[in-house]
Amino acid sequence: LIEALAVQAKNGNKIDKCFNENAYTAACIAVNSRFNLNLNNQKVINRLKTIKKRYKVMRDMLSQDGFRWNPNTKMIEYDSEDLWKRYIVAHPDAKGFRGKQIEMYDELKIVCGNYQAPSRWAKMKDGSHPMGYKNFEEDSASFVSPSSDDLSDTDGTESYSGQPEYLHEGSQDPPVMEPLRQLPKRPRESDVLQEAMLAVASSIRRLADAMDQSKTAINPSELLQAVLEIDGLEEAKQMYAFEYLNADPIKARAFMTYNVRMRKMYLFRQFWWWK
């Protein structure tokens, strides 16, 4: 979900910290196709709210002295054990980040931070295109100050339906942008093909599982008939033997493989107290 929303943000479907309906719809399609789910836009919005809360906990921690992000280990590091303990006492929600690898840190900054696609500000008041943007953070060890990423009056999960804005009269600089570590960008046709292949692979896997189950399954009626064919068993013992074998497919397959004489020996070996 985070990866799909990051793609939508870079495609210009995130405005003023809000994703538009196109972004949520595209994210639904990507996640549903890949994991064979049935999410709708509202479920994606609810999940994004949870992600943003966890991101804020992580961001607030990294804004404190003594905490930093290690891009090699993809973990939050701290100067001392005592510093960690004191911080966790004051911020228990951050406890889960100790020693936890955060694989999609860059995508989280795009989805949950202030990132805006450059194309949104491409039109300047004089008709020219901006050549660059101010970056509050480079590839440094920690986040910027908390104020640069605050969630303001909205947590960014509402849908934006307005028209793209341009710089107001008198503006000299484009807005402060979060830097983006460019991810390898695959052609859109490749994404569609990959999603289709994943869907086909999922269907094939389900079909293979069903075939495997059909090969190993024992027909209960045939199993019962085989038990009834054994001489010298009272009705109560026949019922007990059937229920026992029907509950254990491995033993049932072994029983059905034997001939009638061997089946009787097999049962009396299982239920030695019948002798």
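The values are calculated or read from the model by the stated rules, or taken from the named source; none is laboratory data. This structure is a prediction, so every number in the text was calculated from the model and none was measured. Cβ coordinates were reconstructed from backbone atoms using ideal geometry, including for glycine residues, and neighbour counts include every protein chain displayed.
Of the residues making up the stretch 86-100, those that are loosely packed, with under 14 Cβ neighbours inside 10 Å and either without any contact (Cβ under 8 Å) to a residue 12 or more places away in the chain or assigned to a helix (DSSP H, G or I) (or both) are R86, V89, A90, P92, K95, G96. Annotation note: Cβ proximity below 6 Å between a residue of the stretch 28-47 that is in contact (Cβ under 8 Å) with a residue 60 or more places away in the chain and a residue that is assigned to a loop (DSSP other than H, G, I, E, B) (sequence gap 6+ or interchain) occurs for I45/T157.
Between L193, L245, L207, L224, the distinction of being within 30 Å of Q116 (Cβ to Cβ) and either among the aliphatic types (A, V, I, L, M) or modelled with pLDDT of 85 or more (or both) belongs to L193 only.
Checked against (1) of a type in the set (V, I, T); (2) modelled with pLDDT of 80 or more; (3) exposed (fewer than 11 other Cβ atoms within 10 Å of the Cβ), V200 passes all but a single condition, namely (2). Scanning the stretch 57-75 for residues that are on the phi > 0 side of the Ramachandran plot and under 24 Å from the mean Cα position of the chain (by Cα) yields a single hit, K74. When every residue of the stretch 53-65 is checked against the conditions, none turns out to be at pLDDT below 85 and either among the basic types (K, R) or in contact with a Gly (Cβ under 8 Å, 6 or more places away or on another chain) (or both).
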